[in-house]
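Take a look at the structure below.
The values are calculated or read from the model by the stated rules, or taken from the named source; none is laboratory data. All values derive from a computational prediction rather than experimental measurement. Heads up, the Cβs are rebuilt from the backbone with ideal geometry, glycines too, and the neighbour counts pull from every protein chain shown. Ligands, DNA and RNA are stripped out before the accessible areas are found, and what is left, the full protein with its side chains, is counted by its heavy atoms. Shrake-Rupley method; radii C 1.70, N 1.55, O 1.52, S 1.80 Å.
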Amino acid sequence: MNLSEKRIKESLKLYFVMGSVNCLKDPATVLQEAIAGGITLFQFREKGNGAKTGYEKISLAKKLQAICKQHDIPFIVNDDIDLALQIDADGVHIGQEDEDPLKVRKKIGSKILGISAHNLEEAQKAIEHGADYLGVGPMYFTSTKTDIREVKGPEVIKIIRMNDIQIPIVGIGGIKQNLARNVIKAGADGVAIISAISQSPDPKLAAKQLLNEVEMAF
Ligand SMILES: Nc1nc(C(F)(F)F)ncc1COP(=O)(O)OP(=O)(O)O
Ligand SMILES: [Mg+2]
């Protein structure tokens with residue numbers, strides 16, 4: 001699926017990022033409920049203590065990808081470019097410490113390429129390297145990602161936008177329902193969420209409430 005910039009902006013509205021270690025129950029059930037709640041994009045991020053590897057990781061990726069396909073939700077793979085190519089994912093997300101974006105672009109062709117950025121300089125570099133969207137954060141403190149950089153808050157998105165950068169941007173890091181609107185008001189096209197949905201006893205309701213906050217903030 002080769003989404004235009006406009007469609008990528010729209011798909012970033014409520015970007016659910018998840019792996020089995022983030023879930024309180026079966027990841028497939030969590031994903032189905034999150035989709036029912038209105039998520040617009042999904043990232044398979046199988047990482048951290050207890051994350052699946054090898055065949056188990058591939059099998060879970062395919063299972064979650066099939067659920068996304070049923071609901072026409074683009075499926076993005078975090079870090080693992082080979083897995084993304086193996087299962088023909090819609091795109092990949094890489095960070096500053098991951099594979100060289102120019103090499104990744106050569107491998108993935110026209111698939112979606114998301115790149116993490118923590119400041120204006122990294123944002124400008126990511127654009128030069130062909131990013132289709134930026135994941136900017138951490139917006140707030142998060143315990144999900146143990147090696148986070150310093151918390152920047154939505155201010156960093158404002159700074160990027162003030163430098164006349166129009167690329168699709170999603171904020172990430174510790175975003176809960178009451179914080180989502182700040183990220184949109186700062187100029188993001190959407191919010192990326194892990195725990196606020198995956199750790200909720202009701203992922204469908206959590207997604208619905210987050211989407212409502214995002215849509216009211218535009
Ligand atoms: N996974 C991510 N997804 C996004 C999203 F675009 F979804 F907002 N933004 C940022 C990251 C962080 O990416 P990275 O810095 O490589 O760390 P990790 O591989 O541990 O996630
Ligand atoms: Mg990464």
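Quick notes
- Pairs exceeding a 21 Å alpha-carbon distance, out of K125/K158; K25/K204; K13/K204; K9/K111; K62/K111: none at all.
- In range of the label at L85: residues from the range 104-119 whose backbone nitrogen is under 17 Å from the point 7 Å along Cα→Cβ: 104-114
- Cα-derived Rg to Rh of the range 1-76, Kirkwood definition: 0.97
- Accessible surface of the range 36-138, 1.4 Å probe, proportion on carbon and sulfur as whole %: 48 percent
- Across K57/K145; K152/K208; K69/K145; K69/K185, pairs whose alpha-carbon gap is larger than 21 Å: K152/K208; K69/K145; K69/K185
- Using the Cβ-Cβ distance between N49 and K6 with R0 set to 45 Å, the FRET efficiency from 1/(1 + (r/R0)^6) comes to roughly 0.70.
- Diffusion coefficient of the chain by Stokes-Einstein, Kirkwood radius over Cα pairs, 4 °C, 1.567 mPa s: 77 µm²/s.
- Ligands, DNA and RNA are left out, and with a 1.4 angstrom probe the accessible area of the range 5-217 is 44 Å² per residue.
- Placing unit charges on the Cβ atoms only, positive for Lys and Arg and negative for Asp and Glu, gives the range 102-218 a dipole magnitude near 320 debye about its Cα centre.
- For the range 93-156, with +1 on Lys and Arg beta carbons and -1 on Asp and Glu, the positive-most of H129, M139, G153 along the dipole: H129
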